[in-house]
Amino acid sequence: MSRILVDLPDSQVDDLAAIVEAEHRPRAAVIRDAIEAYISQRKRAHGADVFGLWKGKKIDGLAYQQELRSEW
């Protein structure tokens, strides 16, 4: 595990302290969970989970591609 130095505004430090106190968990664990949630959200938003996306389409993928390229 690596250590990373991060500067946070006082308001975020205060909010983080409130979460730590409410959940009775270490601050580092709360931060790790927050970063994991952020990374997971970004992966979904950027199409990391697109396998089988074309499965429900009614048109053949190759025909669709050729139709689009014919416009060039």
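The values are calculated or read from the model by the stated rules, or taken from the named source; none is laboratory data. No experiment lies behind these values; they were computed from the predicted model shown. All Cβ positions, even for glycine, are placed from backbone atoms using ideal geometry, and neighbour counts span all protein chains on display. Accessible surface is based on the protein model in full, side chains and every heavy atom, while ligands, DNA and RNA are left aside. Shrake-Rupley method; radii C 1.70, N 1.55, O 1.52, S 1.80 Å.
List of remarks:
- Solvent-accessible heavy-atom area per residue, rounded to whole Å², over the chain at 1.4 Å: 99 Å²
- Nearest-0.05 FRET efficiency for R42 and V13, computed from C-beta distance (R0 30 Å): 0.80
- Counting protein heavy atoms only, the chain has 55 percent of its accessible area on carbon and sulfur, 1.4 angstrom probe.
- GNM result for the chain, Cα springs below 10 Å: residue of D15, D33, D60 fluctuating most strongly: D60
- Rounded to the nearest angstrom and listed largest first, the equivalent-ellipsoid semi-axes of the chain from its Cα gyration tensor are 46, 14, 11.
- Sparse packing (at most 13 other Cβ atoms within 10 Å of the Cβ) combined with a DSSP loop state is found for the following GluC sites (Glu not before Pro) in segment 12-72: E71.
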